[in-house]
Amino acid sequence: MKARRGGRPVGIARRLGRASIIVASCAFLCLFLVVPLASVFVEAFRQGTHAFVESIDQPEAMAAIRLTLLVAAITVPLNVVFGVAAAWAMTRFTFRGKALLGALIDLPLSVSPVVSGLLYVLMFGAQGWFGPWLLAHGVKIIFAVPGLVLATIFITLPFVARELIPLMQAQGSEEEEVARVLGASGLQTFFRVTLPNIRWALLYGVLLCNARAMGEFGAVSVVSGHIRGLTTTMPLEVEMRYNEYNYVGAFAIASLLALLALLTLAVKSALEWRYQAAENH
Amino acid sequence: MRRRVLPGFGLSLGFTVTYLGLIVLLPLAALAWKASEIGLAGLPRLLSSPRTLAAFKLSFGGALLAASINVVVGLMVTWALVRYRFPGRRILDALIDLPFALPTAVAGIALTAIYAPNGWLGHWLVPLGIQVAYAPLGVLVAMVFVGFPFVVRTLQPVLLSLERDVEDAAESLGASRLQTFVKVVLPTLLPTLLTGFALALARAVGEYGSVIFIAGNIPLRSEIAPLLIVQRLDEFDYATAAALGVVMLTFSLVLLLLISMLQRWTRRWAEQSA
């Protein structure tokens with residue numbers, strides 16, 4: 001490409017500037033993103049495939065994987081229902097306090113994960129609000145699975161709602177109103193008109209919500225109590241193994257989580273490209 | 001008010017408010033209740049202990065510096081991704097979100113492995129006297145890592161929609177490329193850059209998972225504020241943990257308010273220039 005817009009030739013100085021911006025950007029991205037990602041897999045296989053398989057094929061690793069899947073299986077559907085309900089209320093009706101409600105939905109994004117976990121310890125911990133009552137009735141929430149689930153719900157609460165609200169705002173409610181006037185019931189309107197319109201954004205939200213639910217560390221580490229085989233999710237198992245100097249074991253579990261992250265990014269990019277292609281038509 | 005054609009107002013709003021009340025508001029009330037045991041009177045004494053002060057200084061100072069670095073580097077990377085075409089561009093673009101998607105604990109141990117004295121980069125840097133792992137510099141590296149996507153993803157749509165006519169006009173009037181950038185492009189991007197800065201700052205201040213591994217957590221030197229909360233909880237000192245939590249939460253809320261003001265400013269700015 002010799003000429004730019006207007007037929008002006010591109011000067012040597014400008015081409016040099018462009019090249020140096022590209023090179024510097026690539027260097028930064030490689031150093032800060034590619035190298036850490038690659039190192040996870042290199043460290044995991046440092047002592048060979050056998051050691052890798054052996055450190056995953058263990059009861060506590062399997063328990064951590066099962067627990068992580070369980071927490072995500074409870075958290076994601078709940079936050080999907082919440083996200084759809086919140087988006088419906090926020091974009092289809094006008095009411096007082098809407099801005100405040102929007103701010104509350106976004107709040108968990110800017111709270112430190114540690115503070116998020118702390119909130120639940122102060123509610124349900126031994127010296128917490130409901131602590132004595134829970135103790136008397138033999139219910140365990142903190143240092144048990146319910147605490148992990150609650151902390152994860154808090155952290156991932158905004159993800160689905162945040163994808164849906166701007167989209168449904170932009171789409172408007174005309175199609176749904178037409179469906180209603182033509183005699184469709186409320187549920188028919190939702191499943192036949194709304195859902196097909198928001199399906200890609202919903203999928204995108206589920207993807208982000210799931211990735212965070214499986215990977216959350218700070219909040220769950222505060223409420224978990226690190227009881228091996230019972231309350232350690234995969235990220236917590238990574239931490240415990242790392243602190244025991246079992247580096248291959250820690251990186252082996254970490255590599256599974258990194259694969260999940262890569263898969264998330266791949267599906268996310270595919271969705272975005274598809275969306276852009278649809279928009280350009 | 002317009003008659004409502006669409007159903008489900010009571011149901012959807014009722015569910016949303018109840019859910020938020022149980023998951024967000026009730027726990028916040030518990031925090032306020034526990035923190036009141038220390039009270040405003042106890043707060044200065046708590047915050048003036050040298051160890052707490054050092055941790056807050058590192059968390060806030062490190063996050064400010066990391067967000068500043070992210071704004072400069074983020075602007076450069078976004079510019080390259082939006083304005084230039086080069087091989088591997090789409091893959092790099094997709095990789096920008098890696099710090100969002102990669103669990104923080106994984107990022108933490110990976111960064112530590114690279115910068116440790118025997119790591120890929122550490123064994124070059126340490127002989128030069130640059131210690132990253134187990135030092136404040138490591139905290140900064142982790143904070144830059146987690147905050148980076150916020151700046152790029154905030155900036156990207158704005159830079160994409162920027163009209164090039166104005167730049168062409170400036171150049172045809174004799175402005176150099178640098179002058180055009182500083183006097184035409186930068187002022188337009190200013191509100192967006194500030195929003196990205198605030199988002200990256202909010203994320204870095206509270207970050208825990210990716211920082212604690214590389215920090216080494218040496219008291220007075222490389223200990224971050226969220227770690228203090230974890231330590232108090234391990235000692236079952238809930239009141240102090242709650243008070244520290246309130247300080248961090250207040251900072252987050254102020255930033256959140258600032259971000260929403262900045263975003264309104266950006267929208268007005270865009271409307272004016274349109």
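The values are calculated or read from the model by the stated rules, or taken from the named source; none is laboratory data. Since the model is a prediction, treat every value here as computed from it, not as a measurement. Quick reminder, even Gly has a Cβ in these numbers, built from the backbone with ideal geometry, and neighbours come from all protein chains shown.
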**OP:** Among the residues of region A:225-243, count how many are surrounded by fewer than 21 Cβ atoms within 10 Å (Cβ to Cβ) and either within 19 Å of the chain's Cα centre (by Cα) or within 21 Å of A:Ile153 (Cβ to Cβ) (or both).
**Re:** 4
**OP:** Quick one: which residue in A:Gly172, A:Gly117, A:Gly131 is assigned by TED's automatic domain parsing to the domain that holds A:Asn210 and surrounded by 23 or more Cβ atoms within 10 Å (Cβ to Cβ)?
**Re:** A:Gly117
Original post:
Using beta carbons and a limit of 6 Å, which pairs, at least six apart or on different chains, have the first residue in region A:240-265 and within 8 Å of another protein chain (Cβ to nearest Cβ) and the second one among the hydroxyl-bearing types (Ser, Thr, Tyr) and buried (at least 18 other Cβ atoms within 10 Å of the Cβ)?
Top reply: A:Ala250/A:Tyr242
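To keep it simple, each residue is scored yes or no on (1) under 15 Å from the mean Cα position of the chain (by Cα); (2) within 23 Å of A:Gly172 (Cβ to Cβ); (3) of a type in the set (Ser, Thr, Tyr).
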| residue | (1), (2), (3) |
| --- | --- |
| A:Arg46 | no, no, no |
| A:Asp57 | no, no, no |
| A:Leu70 | no, no, no |
| A:Val76 | yes, no, no |
| A:Thr94 | no, yes, yes |
| A:Gly102 | no, yes, no |
**OP:** Could you tell me which residue of region A:244-281 is surrounded by the most Cβ atoms within 10 Å (Cβ to Cβ), considering only residues that are touching a Phe, Trp or Tyr at 6+ places or on another chain (Cβ under 6 Å) and closer than 24 Å to A:His226 by Cα?
**Re:** A:Ala252
Subject >> In region A:195-224, residue surrounded by the fewest Cβ atoms within 10 Å (Cβ to Cβ) [restricted to those that are more than 21 Å from A:Leu257 (Cα to Cα) and in contact (Cβ under 8 Å) with a residue 24 or more places away in the chain] >> reply: A:Asn197
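Residue-by-condition table, conditions (1) under 19 Å from A:Ala219 (Cβ atoms); (2) assigned to a helix (DSSP H, G or I):
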{"residue": "B:Thr195", "(1), (2)": "no, yes"}
{"residue": "B:Ala198", "(1), (2)": "no, yes"}
{"residue": "B:Ser210", "(1), (2)": "yes, yes"}
{"residue": "B:Leu220", "(1), (2)": "no, no"}
{"residue": "B:Val230", "(1), (2)": "yes, yes"}
{"residue": "B:Ala241", "(1), (2)": "yes, yes"}
{"residue": "B:Leu249", "(1), (2)": "yes, yes"}
{"residue": "B:Arg264", "(1), (2)": "no, yes"}
Original post:
Can you name every residue in region B:91-106 that is touching a Leu at 6+ places or on another chain (Cβ under 9 Å) and assigned to a helix (DSSP H, G or I)?
Top reply: B:Leu92, B:Asp93, B:Ala94, B:Leu95, B:Leu98, B:Pro99, B:Phe100, B:Ala101, B:Ala105, B:Val106
Subject >> Boolean, A:Gly131 is more than 7 Å from chain B (Cβ to nearest Cβ) and within 26 Å of B:Ser36 (Cβ to Cβ) >> reply: yes
**OP:** Would you mind listing the helices (runs of 4 or more DSSP H) fully within region B:1-86 where at least 3 residues are at the interface with chain A (Cβ under 10 Å from one of its Cβ atoms)?
**Re:** B:9-20, B:26-35, B:50-83
Subject >> Condition met for A:Ala126 (surrounded by fewer than 20 Cβ atoms within 10 Å (Cβ to Cβ), within 30 Å of B:Val5 (Cβ to Cβ), assigned by TED's automatic domain parsing to the domain that holds A:Arg212 and free of Cβ contacts under 8 Å to residues at least 24 places away in the same chain) >> reply: no
**OP:** Only one of these is under 20 Å from the mean Cα position of the chain (by Cα), under 30 Å from B:Phe236 (Cβ atoms) and free of Cβ contacts under 8 Å to residues at least 24 places away in the same chain: A:Val115, A:Val81. Name it.
**Re:** A:Val115
Original post:
Residues in region B:133-145: is at least one touching a Lys or Arg at 6+ places or on another chain (Cβ under 9 Å), crowded, with 24+ Cβ neighbours inside 10 Å and assigned to a helix (DSSP H, G or I)?
Top reply: yes
**OP:** Can you tell me which residue within region B:187-230, out of those that are within 29 Å of B:Ser49 (Cα to Cα) and free of Cβ contacts under 8 Å to residues at least 40 places away in the same chain, is farthest from the other protein chains (Cβ to nearest Cβ)?
**Re:** B:Asn217
Subject >> Selection from region B:47-63 of residues that are in contact (Cβ under 8 Å) with a residue 40 or more places away in the chain and surrounded by fewer than 16 Cβ atoms within 10 Å (Cβ to Cβ) >> reply: B:Leu47, B:Pro50, B:Arg51
**OP:** Determine if region A:41-48 includes at least one residue that is within 12 Å of another protein chain (Cβ to nearest Cβ), touching a residue at least 60 places away in the same chain (Cβ under 8 Å) and either buried (at least 21 other Cβ atoms within 10 Å of the Cβ) or within 15 Å of A:Met214 (Cα to Cα) (or both).
**Re:** yes
Subject >> Selected residue (only one of B:Ser210, B:Ser176 is within 26 Å of the chain's Cα centre (by Cα) and either more than 24 Å from B:Val139 (Cβ to Cβ) or crowded, with 24+ Cβ neighbours inside 10 Å (or both)) >> reply: B:Ser210
**OP:** Examine region A:217-227 for a residue that is within 12 Å of chain B (Cβ to nearest Cβ), over 28 Å from A:Trp88 (Cβ atoms), assigned to a loop (DSSP other than H, G, I, E, B) and modelled with pLDDT of 95 or more, and state whether such a residue exists.
**Re:** yes
